[in-house]
Amino acid sequence: MILGLDLGVKSVGLALVNPVSNQIALTAVRVFPAGVDGDFEGGGDTSRNAHRREKRLQRRQTERRARRLGVMHNLLVEAGLLPPGDTHSTLKELDRDLARKYGPHPGAPYILRARALDHPLEPHELGRALYHLAQRRGFLSNRLAPMKEDEEKGKVKGGIETLAAGVEAAGKRTLGEYLATVDPQAERIRGRYTSRKMYLQEFDAIWQAQAPHHRAAAAEFQDRLRKAIFFQRPLKDQRVGACSLIATETRAPLRLLEVQRFRILDRVNNLRVSEPERPLTEEERSLLIAKLETEEKLTYAAARKLLGLKTPFSIESGKEKHILGNLTWTRFAKALNWHWTQMTRKQQDSLVEEWHRAKDDEALAEALQQWNDFTPEEIAAICAVRLPDDYVNFSLAAIRRLLQHLEKGMATGAAKKVEFPDSFKAVEPLPRLPPVHEALPELRNPAVARVLTELRKCVNAVIREYGKPEIVRIELARDLKRNKKDRQTLTDQMRDRETERKTAEEELHRFGMTKISRRDIEKYLLWLECGKECAYTGKQISLESLFGHQPQFDVEHIVPRSRSLDDSFLNKTLCHRDENIRKRALTPWEMFREDLSGWEAFQSRVQKIKNQAKRSRLLIQETRLDELLEKFSSNQLNDTRYASRLAAEYVGRLYGGVVDSAGTRRVFTSAGQITAQLRGYWNCNSILSLLLMNPSRPRNERGQGSCYPRNVHSHGFFSRPAI
């Protein structure tokens, strides 16, 4: 039996086919709530735990701040620097006394902080000034925290630098002395970005000036106060997922030089040059790798120029525009210039670890001074380095074993099979999928986890009823494979296309058309794309010849729809009606291969089309249907994005991997767009098209957990949510 699975964000469709009789044994769909809240398709989704986690963090911060201020109040009361009693009422009464003494100024604590630098303060006045420092202790940046949005980082950093410049320009020694001169009626005192360093300097200055006047100002008490005011617990170490190849090891951080090298080799070894499709030669591969080792990223255009290629890479038709390079090497090289290149690899690794080990920039600078190698300028540059705080799927031990194969040009998937054949063992003795959290402990995406959990229920139910299928074909919804940023980008692109379609509709109205169909709008957009010229004949296309009473030009499929099952905009162009009849079910190359001069003229006209993917489709030279379909299938199987890989890996547990021990491929994956292309092809002879057909998705009265059969081969699981 062959099992086809259609995985969506909120549903799992399945079909079971008997390849011997070519009969469908089962078609069904299971509907369930998405694993996230919000608009998943538009990129507006959030984890269901996000709101709860945010509120919990706020409660913790409030509780910790209250506890810190309570400890501070008790210390000051113990030293006689504040009167005993309730903190709130005590401070309120003390502020009233200060207002009577120094005048009704809303910034009375700031006045005390300024006077403390030159005048002896009363014990309670000193206590109030110190308590005010604890209330406003400034911003402390965490070097290793994930990078925030540039505008937010710039806003905080810029605000701190502006305030520091204002303090210096006013000739003031501390932040408190400067703020004491600000008129609260003309300018708001609070609401400024301040740094922790400003408050530390002010605390030391106040303590040095007031210590001779107070018996409580002992060094031991100073340390206790400093800790009570400024201690900030380090961020809790986040649990790092387990390596997908060595279960006892944790994932490796992306900052390591070996991991950066692994990422570069993984991408370069999978690059393919199109027209005709081929991998990079060893010389091209070495040249590109050497360039990426010294660059943060490289555009595909720059990579082609480097290699002297005139044809694009196969991946360029997607949204990715860059190949990522060695971020760690390039950022440290930028900070240290020649000094970094003169260091040995062991010294470079040690410096990266020293950079990560330091809890703040001051600690890092102090540690680097012990190296006796760096100038103050270089130390400051190293402290300014920022690296991603992400992790890869493999441990460092696994990466080191894989690298020896990737260095020779082997793809990561092939290297895994050589080095870790045990990771492809079948689930025995019971042929059922294990729980997702056991099979894929590294999975963190809640939407994918929910889909795979429902997938497990469906597959195990099929196994119970029909036995383990011989082949599984998985189609993953395009949205599920994309990350949040990609989904937002796609939504923006769809809005742009919607604008284009509205503009086209308005232009057709001006032309005199009243009833405008989607097909008319599509023809208009194709008309603009081809430059108002038929690529097959070179004839100019007017709106009258395209939409008049006797249209002369048709929409034609570049690769015939009957052979490719592709009805997308990418596979369409305009063609003169007579030429379209002559073309029949041929590709452009098949049509012109007996007429080389006609083919050259066709190629020249095609170059006027700006869409590179459309040009490639028009100039494709595969002549046999099986080669074309094989290439199409291969392109889909090469999709190694996160969700696709996890889904195939998970179902592959039934067979010891997507390819079993005998070398037979058991699990196949394909892109979600195939479903849309196959709608209406029930009479197609291809079993693949039957399996990937998108079933209807009825819901039960409760709207979740349902799976309705579409034929007589049904059982209890598909009529009620049981497992």
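The values are calculated or read from the model by the stated rules, or taken from the named source; none is laboratory data. For clarity, every value in this text was computed on a predicted model and none was experimentally measured. Virtual Cβ from ideal backbone geometry, glycine too; neighbours counted across all protein chains shown. All accessible areas refer to the heavy atoms of the entire protein, side chains included, with ligands and DNA or RNA removed. Shrake-Rupley method; radii C 1.70, N 1.55, O 1.52, S 1.80 Å.
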**Report entry** Residues (out of contact with any Lys or Arg (no Cβ under 7 Å at 6 or more places or on another chain), over 15 Å from Leu526 (Cβ atoms) and either assigned to a strand (DSSP E or B) or not charged (D, E, K, R) (or both)) located in region 571-598
**Finding:** Ile581, Leu586, Thr587, Pro588, Trp589, Phe592, Leu596, Ser597, Gly598
Query raised in the report: Which of (1) open to solvent by less than 50 Å² (accessible area, probe 1.4 Å); (2) hydrophobic (A, V, I, L, M, F, W, C); (3) under 34 Å from the mean Cα position of the chain (by Cα); (4) at pLDDT 80 or above is the odd one out, the single condition Val418 does not satisfy?
Result: (1)
Query raised in the report: Restricting attention to region 580-603, does a residue exist that is closer than 30 Å to Gly512 by Cα, touching a residue at least 40 places away in the same chain (Cβ under 8 Å) and open to solvent by 50 Å² or more (accessible area, probe 1.4 Å)?
Result: no
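Residues that are out of contact with any Leu (no Cβ under 8 Å at 6 or more places or on another chain) and within 16 Å of Thr294 (Cα to Cα): list the helices (runs of 4 or more DSSP H) wholly contained in region 334-380 that include at least 1 such residues. Please lay out each step first, then the result.
Numbers: elements: 338-342, 345-357, 361-369.
Ranges flagged: 338-342.
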Query raised in the report: Does Val29 satisfy being in contact with a Pro (Cβ under 7 Å, 6 or more places away or on another chain) and at pLDDT 70 or above?
Result: yes
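Given the criteria surrounded by 20 or more Cβ atoms within 10 Å (Cβ to Cβ) and more than 36 Å from the chain's Cα centre (by Cα), does Glu556 qualify?
yes
For (1) surrounded by fewer than 19 Cβ atoms within 10 Å (Cβ to Cβ); (2) out of contact with any Asp or Glu (no Cβ under 9 Å at 6 or more places or on another chain), each residue gets a yes or a no:
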{"site": "Leu82", "(1), (2)": "no, yes"}
{"site": "Lys92", "(1), (2)": "yes, yes"}
{"site": "Arg115", "(1), (2)": "no, no"}
{"site": "Leu126", "(1), (2)": "no, yes"}
Query raised in the report: Which one of Thr573, Thr623 is β-branched (Val, Ile, Thr) and either exposed (fewer than 14 other Cβ atoms within 10 Å of the Cβ) or modelled with pLDDT under 85 (or both)?
Result: Thr623
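Return a yes/no flag: does region 315-333 have any residue that is surrounded by fewer than 15 Cβ atoms within 10 Å (Cβ to Cβ), in a helix (DSSP H, G or I) and not hydrophobic (A, V, I, L, M, F, W, C). So that I can check it myself, show each step before the final result.
Filtering region 315-333 down to residues surrounded by fewer than 15 Cβ atoms within 10 Å (Cβ to Cβ) leaves 318-322.
Checking the rest, the ones that are also in a helix (DSSP H, G or I) come to none.
Looking through region 315-333, none of the residues is surrounded by fewer than 15 Cβ atoms within 10 Å (Cβ to Cβ), in a helix (DSSP H, G or I) and not hydrophobic (A, V, I, L, M, F, W, C).
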**Report entry** Inter-residue pairs, beta-carbon under 6 Å, first of a type outside the set (Phe, Trp, Tyr) and in region 303-315, second open to solvent by 60 Å² or more (accessible area, probe 1.4 Å) and in a strand (DSSP E or B), 6+ apart
**Finding:** Ser314/Arg272
**Report entry** Any hit, region 296-311, residues being closer than 17 Å to Leu387 by Cα and open to solvent by 60 Å² or more (accessible area, probe 1.4 Å)
**Finding:** yes
Query raised in the report: Do we have Ala217 as modelled with pLDDT under 90, of a type in the set (Gly, Ala, Ser), in contact with a helix residue (DSSP H, G or I) (Cβ under 7 Å, 6 or more places away or on another chain) and not in a helix (DSSP H, G or I) here?
Result: yes
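Please count how many residues of region 280-295 are assigned to a helix (DSSP H, G or I), under 28 Å from the mean Cα position of the chain (by Cα) and surrounded by fewer than 16 Cβ atoms within 10 Å (Cβ to Cβ).
Residues of region 280-295 assigned to a helix (DSSP H, G or I): 282-292.
Right, trim to under 28 Å from the mean Cα position of the chain (by Cα) and you get 285, 288-292.
With surrounded by fewer than 16 Cβ atoms within 10 Å (Cβ to Cβ) added as a condition, the list becomes 290.
Qualifying residue count for the region: 1.
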Query raised in the report: So which residues in region 100-109 are modelled with pLDDT of 80 or more and under 55 Å from the mean Cα position of the chain (by Cα), if there are any at all?
Result: Pro109
Query raised in the report: In region 1-14, how many residues are more than 32 Å from the chain's Cα centre (by Cα) and either open to solvent by less than 10 Å² (accessible area, probe 1.4 Å) or at pLDDT 85 or above (or both)?
Result: 1
Query raised in the report: How many residues, within region 191-210, are in contact (Cβ under 8 Å) with a residue 12 or more places away in the chain and not in a helix (DSSP H, G or I)?
Result: 4
Report summary line: Counted residues in region 500-538 being farther than 24 Å from Ala613 by Cβ and small (Gly, Ala, Ser) come to 2
Query raised in the report: Is one or more of the residues making up region 472-486 modelled with pLDDT of 85 or more, open to solvent by 40 Å² or more (accessible area, probe 1.4 Å) and under 28 Å from the mean Cα position of the chain (by Cα)?
Result: yes
Requested in this report: Give Arg96, Arg128, Arg100 a once-over and let me know the one that is in a helix (DSSP H, G or I) and under 17 Å from Ile189 (Cβ atoms).
Outcome: Arg128
